[in-house]
Structures are given as C-alpha cells and as structure tokens.
Amino acid sequence: QQPVQSPQAVILREGEDAVINCSSSKALYSVHWYRQKHGEAPVFLMILLKGGEQKGHDKISASFNEKKQQSSLYLTASQLSYSGTYFCGTEFGGNEKLTFGTGTRLTIIP
Amino acid sequence: DVKVTQSSRYLVKRTGEKVFLECVQDMDHENMFWYRQDPGLGLRLIYFSYDVKMKEKGDIPEGYSVSREKKERFSLILESASTNQTSMYLCASSSGQGGQETQYFGPGTRLLVL
C-alpha cells in the first residue's frame, strides 16, 4: 500500500522551516527518505528503523513514531539547496522492497 | 562511490516497437529494481531482482518484462510499446545485506512513445 505523503507542495523563504509527513495504514519495517532535484536521480537522505527513533544531520532530521506508522522529515532554516521533491519509501518486511509516496515538492525562494 | 548507469537519458519509440532499457551497477549489489515515475504518482515499482536470473513482480508489471543474466546488469523490456508507457524510468540497486539498505538510483531514462 502506497504511503500518504503531505503536503504535496510547499513554498518557503530561505531560513524558514518545513515538515513533511509520511503515513502508513500498517506498521512498517523501516522508512527511507530521498530527495530528488529536477532532472536528477533521487538521493538517499536517511533511514529509520526503530519506533520512537529520531535522527538527522545538519539541519535535516526525521522521526519515526512509536507505532512505526508515521514518519516526519524536518528541514530547519531552509537553504536554497534544499529545493527538490522529497519522497518517503516504506518497507514492510525487511526485504528491501520499497513503496514510495507520491512526493512533496519543496521550493525555497530567496 | 556506487555508480548506477542507464543506457539512454532520452528515448523516442513508436507504438508497437520492442524497447530495451539497460541498467548497470558497479558495486556488486545483489538487488536491482526498475521504477517508473509519473507526475503526481511518485515512483512505482515495476520489477525487482534479488539475484541473477531471479525476478519478482512489483506493483505495476503489466506490459513489462525483465532480464538479469549477469549480476551487474538488469534490463527492462517493453514487448510492444504503447503510448501509456511514456514515462521516466529509474533503475536502482541495493546491496542485499538484509533490511536498512540504501537504494542507489541511476539518472533515469525519459521514454516517449509516439
């Protein structure tokens, strides 16, 4: 089942914060976050495995709720380089097969 | 660095033609995947392979087949291309160590079927 991603699109000014959500109707084995810039391949950002986990690097972090059905990606003090489409990929059985959400297009303006 | 390459960035074919999309990875990965990406629909899995000569259907396999004769190469075949197969096709690979493995994507092939 395809996870539900929200919002579909968001426009921010540099320095503002954004939250992107990814929800599943069933508990997940893991959730993966990717960013795709226009005309480029998706690039891995991070993976979350444990309920209640939070992880991140620089100003991009993510959380995985206790029930392992929802993950959120947090972008703080956004930079122009953060623009792109963000996808969550959900894994159910540890078989490395991912089901991706429909994506969130993030536009950062000066 | 893992490198996943795809044979063409852009391809134009006619309805009914047989189309081959090639993908090669250079990291000895066990798993390879083919997705198609359409606006508003995200990435949808067509087929994947856990090993040479092994393949499994993804979420939208109809109209497609695949071939994996060598570990590093995974081909997507459109037996008789149709206009509704116009799309961006992305190949990916992962190591196959079991869970928590990053998928590495190729640059994509934008296919137009006329």
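The values are calculated or read from the model by the stated rules, or taken from the named source; none is laboratory data. Here the structure is a predicted model, which means the values were calculated and not measured. Note that we place each Cβ from the backbone using ideal geometry, even for glycine, and neighbour counts take in every protein chain shown.
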Residue B:66 is checked against (1) part of a strand (DSSP E or B); (2) under 21 Å from residue A:94 (Cβ atoms); (3) free of Cβ contacts under 8 Å to residues at least 60 places away in the same chain and fails just one. What number does that condition carry?
(2)
Filtering the stretch A:86-107 down to residues that are more than 9 Å from every other protein chain (Cβ to nearest Cβ) and not in a loop (DSSP other than H, G, I, E, B), which residue is modelled with the lowest pLDDT?
A:90
The stretch B:22-36: number of residues that are surrounded by fewer than 21 Cβ atoms within 10 Å (Cβ to Cβ) and either within 14 Å of chain A (Cβ to nearest Cβ) or in a strand (DSSP E or B) (or both)
4
Mind listing just one residue for me: the one in the stretch A:28-83 that is assigned to a loop (DSSP other than H, G, I, E, B), more than 10 Å from chain B (Cβ to nearest Cβ) and touching a Gly at 6+ places or on another chain (Cβ under 6 Å) and, of those, modelled with the highest pLDDT?
A:37
For the stretch B:70-114, the count of residues that are among the β-branched types (Val, Ile, Thr), without any contact (Cβ under 8 Å) to a residue 60 or more places away in the chain and within 14 Å of chain A (Cβ to nearest Cβ) equals 1
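Yes or no, residue by residue, for (1) modelled with pLDDT of 95 or more; (2) crowded, with 20+ Cβ neighbours inside 10 Å; (3) closer than 20 Å to residue B:44 by Cβ; (4) not hydroxyl-bearing (Ser, Thr, Tyr):
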residue: B:77; (1), (2), (3), (4): yes, no, yes, yes
residue: B:89; (1), (2), (3), (4): yes, yes, yes, no
residue: B:97; (1), (2), (3), (4): no, no, no, yes
residue: B:102; (1), (2), (3), (4): no, no, yes, no
residue: B:110; (1), (2), (3), (4): yes, no, yes, yes
